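Enquirer: My structure is below; once you've seen it, I'll send some questions.
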2 protein chains.
Amino acid sequence: MTMTSTDLIARFTAIVGKPYALTEAADIEPYLTENRGLYRGATSLVLKPGSTEEVAAIMKLASETRTPVVPAGGRTGHVGGHVPREAGTDIVLSLERMDKIRKIDTTANVLIADGGAILADVQKAADDNDRLFPLSLGSEGSARIGGNLSTNAGGTAVLAYGSTRNLCLGLEVVLPTGEIWNGLRSLKKDNTGYDLRDLFIGAEGTLGIITGAVLKLFPKPRGHQVAFAAVNSPEQGLELFTLASQRCASALTGFEIMAGMAFAFTLKHTEGARDPLAEKHPWYTLIDISTADSQQSADQMMESLLEEAFEKEVVIDAVIAKSQSEIDELWHMRNTMSEAQKPEGGSIKHDVSVPVSAIPAFLHEADAAVTKAIPGARICAFGHIGDGNIHYNISQPVGADKAEFVARWGEINRIVHAIVLAHGGSISAEHGIGRLKRDELAEIREPIEIDLMQRIKHAFDPAGIMNPDKVLKV
Amino acid sequence: MTMTSTDLIARFTAIVGKPYALTEAADIEPYLTENRGLYRGATSLVLKPGSTEEVAAIMKLASETRTPVVPAGGRTGHVGGHVPREAGTDIVLSLERMDKIRKIDTTANVLIADGGAILADVQKAADDNDRLFPLSLGSEGSARIGGNLSTNAGGTAVLAYGSTRNLCLGLEVVLPTGEIWNGLRSLKKDNTGYDLRDLFIGAEGTLGIITGAVLKLFPKPRGHQVAFAAVNSPEQGLELFTLASQRCASALTGFEIMAGMAFAFTLKHTEGARDPLAEKHPWYTLIDISTADSQQSADQMMESLLEEAFEKEVVIDAVIAKSQSEIDELWHMRNTMSEAQKPEGGSIKHDVSVPVSAIPAFLHEADAAVTKAIPGARICAFGHIGDGNIHYNISQPVGADKAEFVARWGEINRIVHAIVLAHGGSISAEHGIGRLKRDELAEIREPIEIDLMQRIKHAFDPAGIMNPDKVLKV
């Protein structure tokens, strides 16, 4: 596996210092894998720089010696973006030591963090200052903000606050050449040339390494309320969402939809889960409202929304949380939905989006196509209906062979993605491309789009050393 | 002036048809100027294509023949971006015939428009469908959406809804080579490769021509209230803003600050303007609240905000509008503030932003430096305090020579911009770079940033024919 020469390892090691250059197999191991076990890479060196200048020095040397570099944050990605290639020629650059909150300004409502700051620490720093940093996702305890930015992470607060892209004002980026771009601006309005910031955001570490970021903070809502409401179809779920977004506008901070099957698995396998409704229903929604002024206004808004929904018959049954712990319980069931599929055997997953109005058609068409291909397949669709984003997960038929089922991943992907594309949708709503979807992206996009991306890649990384073979084939 | 050969003119004319290829001096005249009279260009041909395919054919021919092309929308820009160069070698491509609303989807809350659609028409189409398209600015009756996107226009609703960039989901762009990039996606979440959309947005027509766009619509607020409140300093104005944003969060849809001098000129020169307060004050603010649910909630929110502001002594005096016509009156005074400076003689203008927390310091430092340079200069600063964006306008001293005063534009710009930059600010918050600020941008930015922009420019427009010499020197 040792493809990087001893001499070169020594030169890289000299930049960060010996304790921060890992070369032992046991130390390197955690950097070679990803959560779903889809890839296992190889490397002879993991570097843990302690400053932007060290990152720059590493990239300068990498550029001179044409050494490919894979940036790593919390390594919680789902598409293999942080895993070095199998050949062992890549070195890994981990941002984990660069985990500081550099500054908070509660008048400008901005927070400046290192690229390696853990998302939960950013949330906490905001909270300690009576502010909200709204990015929230399952892996927030270990995900790092540079990775969240590089993948333009989504999560559960996108409806009201947007994806990570919308939560960032400025960046500090080390370029593949080792130059530092200081774009750490705290400006809400700045029309001075091309939007470099948004080019690095979502580039999955293929154009440079995000070493610092200016993040937006928001006032903490004073009111928060959640309801769990049953609907008889995706169509009705969409009608309920439309009503909620009209009545609550930006106070509607979450609107999730869940198939009955997904909820049944959660009830069965998630500790402490209980059905808040008396009867079973085909679909469920979770409605989350946050108001600026008071708890009373959140309560009133939720009550009058559901009242109107019952009148208009766009809801079958519903319950409003009576306490913070009930709010937590409801969200916990939604957040563990993916996990709850595991005891049911193999699962084939999709992270897709379609225009919001196309969600019911997509779900019906995909259900029909998947159950035709695999009779008995159990569809555990759930997701962020307001974002048009469905985690279209399929559990194996009862009693089926797990390996045989999972082996059909590619085939089922093609079936589902064809329906997504027919609706003008996206094959990766929030997880990105990485290695997992790189070749598929090249197939489904018009050549001009891939060509424009290649031109940008070449303009920024002429040596092709920056996280190569991710997003685009080098 | 005729630098384009007769043969070439004939070939371009054949693409759009004779009625849509202007060659007569009188017909061409309106395309040679801009509102402030800073530039006067020359051209021998203005083309008015009727379709994306015609735009593509024009760019293909331009690319083959290396003919520079200047795209034009409503031609309301302030930085000379739409004016052909004086040499007369550029042709102008006007989007004015491509002004259709292509589609509205009120469930997905999106509207698809031609690049040449007039902003007011987009607003009206949204309104007719009980939706809001929040982009709003002085020139909305003639500005076209492709231009708004190309300049990432700001306006008065940025605080709650963001700049034009935040209002767009997808684009259709004709590239300098004549290829068409169809990125007309209606997706709220789509993490599939580099963010090409945001690269074209704000590129001022130097990377391609925006021929179509998917725009976001929002629920129409049911409640709307405006207050006019006096404060004794920018510091107090900022405190009032901070309080308002905490109490109202996303319901705070506007927060403007105005220097006493700016308001005095408005009272003097704007027809129908009247002072709603009993006494004169050094600074004024305009607070705009929109609520999703009801008029009552907007009224209550404004009342309790001002009550708390009086208690905390962050406001001197205030009045709440008692009717829609009073709301309109208050906004009209703010919107005509720039116009009201005209009768007072020459004016030197700045469109700058700083981090919100730096606004008071910027204003004090700039006032001191400007009045030191030009004793008696009358400072009419006003702007969007919540966006950190101040239109720092300076009227000539009483009795001064207008031409002599305006001749000091560059000198005063340098003084003010130096203070802006010291605060980490932007020399163009919303108007863009165009020709006006191109050379200054190259001076103030680190070379690596200009270099990255040049690399992108070259990757997209290798022949250098796309609105050349705007934003970047070719």
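The values are calculated or read from the model by the stated rules, or taken from the named source; none is laboratory data. Since the structure is predicted, the reported quantities are computational estimates derived from the model, not experimental observations. Cβ: placed from backbone, ideal geometry, glycine included. Neighbour counts: every protein chain shown. These area figures cover heavy atoms from the full protein model, side chains too; ligands, DNA and RNA do not enter into them. Shrake-Rupley method; radii C 1.70, N 1.55, O 1.52, S 1.80 Å.
Enquirer: Got a sec? Which of A:Glu365, A:Glu308, A:Glu313, A:Glu326 is on the phi > 0 side of the Ramachandran plot and among the charged types (D, E, K, R)?
Expert: On inspection, the qualifying residue turns out to be A:Glu313.
Enquirer: Within the range A:167-180, count every residue that is part of a loop (DSSP other than H, G, I, E, B) and within 15 Å of the chain's Cα centre (by Cα).
Expert: Here the count works out to 0.
Enquirer: Away from chain B (no Cβ under 14 Å) and free of Cβ contacts under 8 Å to residues at least 24 places away in the same chain: which single residue out of A:Glu303, A:Glu313 fits that description?
Expert: Values: A:Glu303 fails: away from chain B (no Cβ under 14 Å).
Step by step, each of A:Glu303, A:Glu313 is checked, and only A:Glu313 is away from chain B (no Cβ under 14 Å) and free of Cβ contacts under 8 Å to residues at least 24 places away in the same chain.
Enquirer: Quick check on A:Phe218: is it in contact with a Lys or Arg (Cβ under 8 Å, 6 or more places away or on another chain) and under 30 Å from B:Ser245 (Cα atoms)?
Expert: So A:Phe218 fits the description; yes.
Enquirer: Of everything in the range A:10-27, what is crowded, with 19+ Cβ neighbours inside 10 Å and in contact (Cβ under 8 Å) with a residue 60 or more places away in the chain? Give them in sequence order.
Expert: Correct list: A:Phe12 only.
Enquirer: If you don't mind, there's one more thing I want to ask. Please give the number of the condition B:Asp367 fails out of (1) part of a loop (DSSP other than H, G, I, E, B); (2) at pLDDT 95 or above; (3) over 30 Å from A:Ser294 (Cβ atoms).
Expert: (1)
Enquirer: When you go through B:Ala340, B:Ala318 one by one, which is the residue that is touching a strand residue (DSSP E or B) at 6+ places or on another chain (Cβ under 9 Å) and either within 14 Å of another protein chain (Cβ to nearest Cβ) or outside any helix (DSSP H, G or I) (or both)?
Expert: Exactly one of B:Ala340, B:Ala318 is touching a strand residue (DSSP E or B) at 6+ places or on another chain (Cβ under 9 Å) and either within 14 Å of another protein chain (Cβ to nearest Cβ) or outside any helix (DSSP H, G or I) (or both), namely B:Ala318.
Enquirer: Run A:Ile385 past the list (1) modelled with pLDDT under 95; (2) open to solvent by 10 Å² or more (accessible area, probe 1.4 Å) and report the number of the one that doesn't hold.
Expert: The failed condition is (2).
Enquirer: Taking the range A:288-300 as the region of interest, how many residues are within 14 Å of chain B (Cβ to nearest Cβ), out of contact with any helix residue (DSSP H, G or I) (no Cβ under 6 Å at 6 or more places or on another chain) and of a type outside the set (S, T, N, Q)?
Expert: 3
Enquirer: Say whether the condition of being surrounded by fewer than 24 Cβ atoms within 10 Å (Cβ to Cβ), closer than 28 Å to B:Ala442 by Cα and hydrophobic (A, V, I, L, M, F, W, C) is met by at least one residue in the range A:142-152.
Expert: No, because not a single residue in the range A:142-152 is surrounded by fewer than 24 Cβ atoms within 10 Å (Cβ to Cβ), closer than 28 Å to B:Ala442 by Cα and hydrophobic (A, V, I, L, M, F, W, C).
Enquirer: Next question, about the same structure. Anything in the range B:422-449 that is under 20 Å from B:Leu363 (Cβ atoms) and either among the polar types (S, T, N, Q) or more than 12 Å from every other protein chain (Cβ to nearest Cβ) (or both)? List them, or say none.
Expert: Selection gives B:Ala422, B:Ser426, B:Ser428.
Enquirer: Quick check on my filter: what residues within the range B:65-102 are closer than 14 Å to B:Ile9 by Cα and of a type outside the set (A, V, I, L, M, F, W, C)?
Expert: Scanning the range B:65-102 gives B:Thr65, B:Arg66, B:Thr67, B:Pro68, B:Gly88, B:Thr89, B:Asp90.
Enquirer: Just wondering, is there one or more residues in the range B:439-448 that are within 21 Å of the chain's Cα centre (by Cα) and open to solvent by less than 50 Å² (accessible area, probe 1.4 Å)?
Expert: Yes; the residues of the range B:439-448 include at least one that is within 21 Å of the chain's Cα centre (by Cα) and open to solvent by less than 50 Å² (accessible area, probe 1.4 Å).
Enquirer: Another one. What's the total number of residues in the range B:238-276 that are among the β-branched types (Val, Ile, Thr), touching a residue at least 40 places away in the same chain (Cβ under 8 Å) and under 28 Å from A:Ala298 (Cα atoms)?
Expert: First, the residues of the range B:238-276 that are among the β-branched types (Val, Ile, Thr): B:242, B:253, B:257, B:266, B:270.
Filter once more, keeping what is touching a residue at least 40 places away in the same chain (Cβ under 8 Å): B:253, B:257, B:266, B:270.
From the residues that got through so far, the ones that are under 28 Å from A:Ala298 (Cα atoms) too are B:253.
Residues flagged as among the β-branched types (Val, Ile, Thr), touching a residue at least 40 places away in the same chain (Cβ under 8 Å) and under 28 Å from A:Ala298 (Cα atoms) within the range B:238-276 amount to 1.
Enquirer: Next question, about the same structure. Which residues, taken from the range A:51-67, are closer than 30 Å to A:Ala120 by Cα and open to solvent by 20 Å² or more (accessible area, probe 1.4 Å)?
Expert: A:Ser51, A:Glu53, A:Glu54, A:Ala57, listed by residue number.
Enquirer: Tell me which residues, restricted to the range B:147-166, are touching a residue at least 24 places away in the same chain (Cβ under 8 Å) and in a loop (DSSP other than H, G, I, E, B).
Expert: If the condition is that a residue be touching a residue at least 24 places away in the same chain (Cβ under 8 Å) and in a loop (DSSP other than H, G, I, E, B), then B:Thr151, B:Asn152, B:Ala153, B:Gly154, B:Gly155, B:Thr156, B:Ala157, B:Ser163 are the ones that fit.
Enquirer: Something else: Does B:Ile287 satisfy being touching a strand residue (DSSP E or B) at 6+ places or on another chain (Cβ under 8 Å), hydrophobic (A, V, I, L, M, F, W, C), at pLDDT 95 or above and surrounded by fewer than 23 Cβ atoms within 10 Å (Cβ to Cβ)?
Expert: no
Enquirer: Taking the residues in the range A:76-96 that are open to solvent by 20 Å² or more (accessible area, probe 1.4 Å) and without any contact (Cβ under 8 Å) to a residue 60 or more places away in the chain as candidates, determine which candidate is farthest from A:Asn148 (Cα to Cα). Steps first, answer last, please.
Expert: Here is the first cut: in the range A:76-96, the ones open to solvent by 20 Å² or more (accessible area, probe 1.4 Å) are A:76-78, A:85-87, A:89, A:96.
Within this subset, residues satisfying the condition of being without any contact (Cβ under 8 Å) to a residue 60 or more places away in the chain are A:86, A:96.
Numbers: A:Glu86: 24, A:Glu96: 14 Å.
Top of the filtered list is A:Glu86.
Enquirer: Quick test of your reading of the structure: B:Ile419 fulfils all but one of (1) within 14 Å of chain A (Cβ to nearest Cβ); (2) surrounded by 21 or more Cβ atoms within 10 Å (Cβ to Cβ); (3) at pLDDT 95 or above. Name the failing condition by number.
Expert: Every condition holds for B:Ile419 apart from (1).
Enquirer: Just to check your reading of the model, which residue among B:Gly115, B:Gly41 is in the same structural domain as B:Thr151 (by the TED database) and either in contact with a Pro (Cβ under 9 Å, 6 or more places away or on another chain) or among the aliphatic types (A, V, I, L, M) (or both)?
Expert: B:Gly115
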